[in-house]
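I have placed the structure first, in the form of structure tokens, so that the comments after it can refer back to it.
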Protein chains: 2
Amino acid sequence: MQQDGSRLDPWISRYAARASSMTASEIRSLFAVASRPEVVSLAGGMPYVQALDLDMLADGFAKMIRERGATALQYGSGQGDPFLREQILEVMAEVGISANADDVVVTTGSQMALDLVVRVFCDPGDVVLVESPSYVGALGVFRAYECEVVHVPMEEQGLNPIALEETVNRLVKEGKKIKLLYTIPSYHNPAGITQPPERRQQVLDVARRHQLAVLEDDPYGLLGFDGKVPRAMRADEPNQVLYLGSFSKTIASGLRVGWVLAPHGVREKLVLAAESAVLCPSNFSQLAVSDYLQNQPWREQIAVFRDTYKLRRDALLDTMKLLMPAGTTWTVPTGGFYSWVTLPEGIDSRAMLPRAVNSLVAYVPGTGFYVDGQGKGELRLSYCYPTPDRIVEGVRRLAGVVEQELDLLATFGPDALPHTEMPNFANTPAPNVR
Amino acid sequence: MQQDGSRLDPWISRYAARASSMTASEIRSLFAVASRPEVVSLAGGMPYVQALDLDMLADGFAKMIRERGATALQYGSGQGDPFLREQILEVMAEVGISANADDVVVTTGSQMALDLVVRVFCDPGDVVLVESPSYVGALGVFRAYECEVVHVPMEEQGLNPIALEETVNRLVKEGKKIKLLYTIPSYHNPAGITQPPERRQQVLDVARRHQLAVLEDDPYGLLGFDGKVPRAMRADEPNQVLYLGSFSKTIASGLRVGWVLAPHGVREKLVLAAESAVLCPSNFSQLAVSDYLQNQPWREQIAVFRDTYKLRRDALLDTMKLLMPAGTTWTVPTGGFYSWVTLPEGIDSRAMLPRAVNSLVAYVPGTGFYVDGQGKGELRLSYCYPTPDRIVEGVRRLAGVVEQELDLLATFGPDALPHTEMPNFANTPAPNVR
């Protein structure tokens with residue numbers, strides 16, 4: 001084994017072409033530093049699982065093992081536990097979806113569902129349309145399958161349907177094969193935006209006209225702060241939409257239970273792809289989720305999460321309003337985990353990151369959420385994990401860092417800012433970036 | 001959604017090229033029938049998890065959640081829990097491996113490790129060498145990545161190193177790119193064969209001469225009936241061998257915790273691929289395994305499994321000896337889950353399967369373990385799951401079915417056997433076939 005500092009890899013010439021996109025970013029080492037307790041991390045998208053009642057869960061899991069251990073500890077169906085798939089229908093009913101349990105495939109988190117969909121649909125060079133910005137973990141999957149990712153503008157109302165249609169027309173004219181439109185209409189990661197119903201219909205109209213498969217990612221749909229639940233696009237269009245769901249934010253991310261709901265023919269392919277990838281999802285995790293949904297007050301727990309995140313969002317937004325230098329703008333999320341910040345003209349969020357971490361605050365630079373170099377002046381702040389007082393302190397530190405950048409800029413011009421050369425953000429996300 | 005009988009798939013023209021290999025075999029419906037309680041299934045490779053102490057596990061898991069719930073329920077490292085990776089070193093020490101925890105990647109079962117290795121190494125058309133026969137679930141992965149699979153002869157001593165070298169030379173001459181040699185040296189699935197140490201060295205010599213990456217799959221290594229543990233190939237060759245391990249047969253398959261140990265550069269790629277595939281493995285499952293290894297008598301439990309499987313193997317072999325018609329031969333496994341049966345000349349195991357299921361016994365036809373149509377006269381019998389008396393009854397039924405085939409053959413010749421036309425065995429395994 002190479003144990004020397006250079007870590008020369010003798011296998012380098014033997015890898016698949018797709019492996020060339022598998023490179024770690026130097027930004028990772030910064031995140032390693034950012035995980036130290038003295039740093040306020042506004043970077044990670046970790047749910048606040050501390051809000052769960054551990055005693056209640058422990059008792060429930062123990063009972064489940066005693067009563068159903070022979071099933072929980074055994075291989076199961078590649079498509080997922082049949083009873084859990086029925087329960088997932090009940091969860092999806094909350095966002096307006098009616099479906100058949102036979103069209104649900106349970107996966108190791110919805111990230112795996114995303115991987116399977118791309119595996120089934122995309123050859124190298126096929127186009128996937130995404131919002132600007134889009135979820136870094138999805139971009140990683142599209143890149144891993146050597147897709148061409150094309151951004152479509154989004155604004156306060158979410159993905160712009162006119163821009164979408166123009167982009168489709170242009171790409172079709174260029175002879176490109178567009179395979180998927182990947183979209184997060186509710187409480188967008190990273191943009192913190194929710195698309196209103198009429199806009200969703202307009203996007204669906206474009207999708208229908210061009211027979212575009214829409215991949216709707218909806219991990220945050222039940223986490224709206226006003227108690228309202230946005231109606232999923234899949235609720236109005238069962239044939240054109242593949243819907244990704246997850247228990248990571250509504251129960252617990254450590255269980256790794258997500259799912260995809262797909263039209264029947266696609267579902268068949270997805271099951272075969274899933275069996276090739278992992279044989280079957282964990283019965284242990286699935287039965288834990290199933291038992292939780294049946295015996296614990298899951299709607300009430302989601303309400304607890306919602307209230308927790310609402311307080312934290314308020315702490316973030318209120319403190320930004322007080323302290324962030326003029327010229328900084330941000331989105332006002334009505335649910336979910338994130339606000340998207342645009343810095344004053346001239347500041348590069350990626351170049352600023354080492355100085356922010358040095359000042360004991362972390363965020364994710366905007367460029368990670370684009371494939372084309374956009375996002376230099378933007379960044380993502382998460383308010384899901386730190387407590388409100390930590391968020392206040394984190395924003396205070398961040399505001400100080402931005403002030404300093406502005407001072408340098410005003411005094412000496414753009415060349416004064418030390419632009420540390422850094423490669424693109426990791427093609428695949430560090431898990432704490434979800 | 002298509003709900004009609006024809007299940008026409010409107011997306012059929014939109015899939016990736018690799019999806020064409022994702023087709024379900026009609027044999028699946030037979031296995032659905034075979035899962036009925038009146039059928040003795042000698043088909044599935046399900047471990048006998050009933051041998052576990054459920055009360056002890058329930059108490060252990062509950063304690064783990066109470067004490068470490070905030071970690072168990074949270075996202076974790078994409079590479080896997082650091083402490084579990086240390087414990088995995090201890091497990092691998094049993095097969096003679098010494099390694100660094102930094103080179104271990106924890107996966108959702110070792111099937112996912114297999115998927116990731118192929119993802120990192122293989123472009124479409126690249127060659128993977130496998131034994132004849134080989135594990136059906138691995139063949140499914142190689143096909144999913146559009147590899148060319150080439151069988152290398154194996155015999156009582158396992159993979160033949162001379163045939164291996166000849167095959168490599170021939171393929172290199174043909175300009176083929178050989179990426180991996182996939183091998184199961186201990187208690188082979190499906191062949192039930194264990195390769196002796198000197199043969200392993202000869203195979204490693206060939207691998208070194210041709211800079212061939214060896215993918216050693218070792219889920220059964222600790223399940224030897226004589227209490228001896230075969231030394232892993234990886235123990236003698238850390239640079240050339242990627243080692244796949246699993247807790248599915250030593251603890252419980254429903255946890256879906258496996259791993260890959262790889263040379264450092266490869267490991268880096270594997271972690272990035274894993275993060276793209278599932279973000280991170282389940283902390284819930286990982287901490288359950290970790291807690292089990294730390295607080296439960298895992299070596300004693302493996303001894304219980306070994307004794308259980310030994311009794312069942314004896315029931316299988318003894319009854320075959322008594323009842324199987326002359327001309328039938330089989331391998332004598334010294335560990336693991338399987339015996340490989342060769343039927344009397346002229347009998348087709350796949351064509352016979354519907355009649356066997358009709359007689360309430362199931363097995364896996366041999367053709368599933370080859371990519372090239374070999375295996376018609378062979379089949380795999382598993383003795384891991386049914387109790388000894390059920391195994392005796394299953395073999396009695398199977399012997400009766402073979403007798404009937406022989407009678408028809410003797411009286412009317414080969415055309416008398418109803419050769420139901422069936423497509424190739426599923427490209428991906430039904431989970432109960434592992």
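The values are calculated or read from the model by the stated rules, or taken from the named source; none is laboratory data. Since we're looking at a predicted model, the values are computed, not measured. Don't worry about glycine lacking a Cβ; one is built from the backbone with ideal geometry, like all the others, and counts go over all protein chains shown.
Here are some residues: A:LEU287, A:LEU255, A:LEU279. Which one is at the interface with chain B (Cβ under 9 Å from one of its Cβ atoms) and under 23 Å from the mean Cα position of the chain (by Cα)? Lay out the reasoning, then the answer.
Numbers: A:LEU287 fails: under 23 Å from the mean Cα position of the chain (by Cα); A:LEU279 fails: under 23 Å from the mean Cα position of the chain (by Cα).
After ruling out the rest, the residue left standing is A:LEU255.
Would you pick out the residues in region A:1-16 that are modelled with pLDDT under 85 and more than 7 Å from chain B (Cβ to nearest Cβ)?
A:GLN3, A:ASP4, A:GLY5, A:SER6, A:LEU8
Taking the criterion of being surrounded by 19 or more Cβ atoms within 10 Å (Cβ to Cβ), in contact with a strand residue (DSSP E or B) (Cβ under 8 Å, 6 or more places away or on another chain) and away from chain B (no Cβ under 13 Å), would at least one residue in region A:260-275 satisfy it?
Yes, some residue in region A:260-275 is surrounded by 19 or more Cβ atoms within 10 Å (Cβ to Cβ), in contact with a strand residue (DSSP E or B) (Cβ under 8 Å, 6 or more places away or on another chain) and away from chain B (no Cβ under 13 Å).
What are the residues in region A:361-385 that are under 18 Å from the mean Cα position of the chain (by Cα) and in a loop (DSSP other than H, G, I, E, B), if any?
A:TYR363, A:TYR370, A:VAL371, A:GLY375, A:TYR383, A:CYS384, A:TYR385
Please go through region B:329-347 and give me each residue that is of a type in the set (S, T, N, Q) and more than 16 Å from the chain's Cα centre (by Cα), ordered by number.
Passing the criteria: B:THR329, B:THR331, B:THR334, B:THR342.
Given (1) more than 27 Å from B:GLY224 (Cα to Cα); (2) in contact with a helix residue (DSSP H, G or I) (Cβ under 8 Å, 6 or more places away or on another chain); (3) not in a strand (DSSP E or B), where does B:LYS179 come up short, assuming only one miss?
(3)
For region A:66-83, what are the residues that are in a loop (DSSP other than H, G, I, E, B) and facing chain B (nearest Cβ under 7 Å)?
Correct list: A:LEU73, A:GLN74, A:TYR75, A:GLY76, A:SER77, A:GLY78.
One residue is enough: does region A:148-162 have a residue meeting the conditions at pLDDT 95 or above, in a loop (DSSP other than H, G, I, E, B), under 30 Å from B:ALA274 (Cα atoms) and acidic (Asp, Glu)?
no
Cβ contacts < 8 Å: first residue more than 11 Å from A:ALA58 (Cβ to Cβ), restricted to region B:45-68; second residue hydroxyl-bearing (Ser, Thr, Tyr) and surrounded by fewer than 21 Cβ atoms within 10 Å (Cβ to Cβ), any location; separation 6+ or different chain. Result?
B:TYR48/B:THR308; B:ALA51/B:THR308
What is the residue count in region A:31-48 for residues that are crowded, with 19+ Cβ neighbours inside 10 Å and over 19 Å from A:ALA315 (Cα atoms)?
Total meeting the criteria: 2.
Looking at region A:324-338, which of its residues are hydrophobic (A, V, I, L, M, F, W, C) and touching a strand residue (DSSP E or B) at 6+ places or on another chain (Cβ under 9 Å)?
Scanning region A:324-338 gives A:MET324, A:TRP330, A:VAL332, A:PHE337.
Mind checking which residues of region A:98-109 are over 26 Å from A:ARG199 (Cα atoms), more than 9 Å from every other protein chain (Cβ to nearest Cβ) and either β-branched (Val, Ile, Thr) or in contact (Cβ under 8 Å) with a residue 60 or more places away in the chain (or both)?
A:ASP102, A:VAL104, A:VAL105, A:VAL106
Going by what's in this entry, would B:ARG350 be described as on the phi < 0 side of the Ramachandran plot, modelled with pLDDT of 95 or more and within 24 Å of the chain's Cα centre (by Cα)? Break it down into steps so the answer makes sense when it comes.
Details: on the phi < 0 side of the Ramachandran plot: yes; modelled with pLDDT of 95 or more: no; within 24 Å of the chain's Cα centre (by Cα): yes.
Judged against the criteria, B:ARG350 is not a match.
Identify all residues within region B:233-252 that are at the interface with another protein chain (Cβ under 10 Å from one of its Cβ atoms) and within 23 Å of A:ALA72 (Cα to Cα); write none if there are none.
Scanning region B:233-252 gives B:SER248, B:ILE251, B:ALA252.
Among the residues of region B:90-108, is there at least one that is assigned to a helix (DSSP H, G or I) and among the polar types (S, T, N, Q)?
no
Cβ-Cβ below 9 Å, separation at least six or inter-chain, first residue in region B:182-199 and free of Cβ contacts under 8 Å to residues at least 60 places away in the same chain and closer than 15 Å to B:LEU223 by Cβ, second part of a helix (DSSP H, G or I) and small (Gly, Ala, Ser): which pairs?
B:ILE184/B:ALA138
Going by the conditions given, is A:VAL172 free of Cβ contacts under 8 Å to residues at least 40 places away in the same chain, in a strand (DSSP E or B) and closer than 21 Å to A:VAL118 by Cβ?
Numbers: free of Cβ contacts under 8 Å to residues at least 40 places away in the same chain: yes; in a strand (DSSP E or B): no; closer than 21 Å to A:VAL118 by Cβ: yes.
Here the answer is no, as A:VAL172 does not meet what is asked.
Determine whether A:LEU223 is farther than 23 Å from A:LEU311 by Cβ and modelled with pLDDT of 95 or more.
no
Where residues in region B:386-432 are modelled with pLDDT of 90 or more and not in a helix (DSSP H, G or I), which of them is nearest to the chain's Cα centre (by Cα)?
This residue is B:PRO386.
Residue-wise test of (1) more than 10 Å from chain A (Cβ to nearest Cβ); (2) over 27 Å from B:LEU84 (Cβ atoms); (3) without any contact (Cβ under 8 Å) to a residue 24 or more places away in the chain.
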residue: B:GLN111; (1), (2), (3): no, no, no
residue: B:ASP115; (1), (2), (3): no, no, no
residue: B:PRO124; (1), (2), (3): no, yes, no
residue: B:VAL128; (1), (2), (3): yes, yes, no
residue: B:GLU146; (1), (2), (3): yes, yes, no
residue: B:GLY158; (1), (2), (3): yes, yes, no
residue: B:PRO161; (1), (2), (3): yes, yes, no
residue: B:LEU164; (1), (2), (3): yes, yes, no
residue: B:LYS176; (1), (2), (3): yes, yes, no
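Among the numbered conditions (1) within 21 Å of A:LEU57 (Cβ to Cβ); (2) more than 7 Å from chain A (Cβ to nearest Cβ); (3) not charged (D, E, K, R), tell me where B:SER134 comes up short.
(1)
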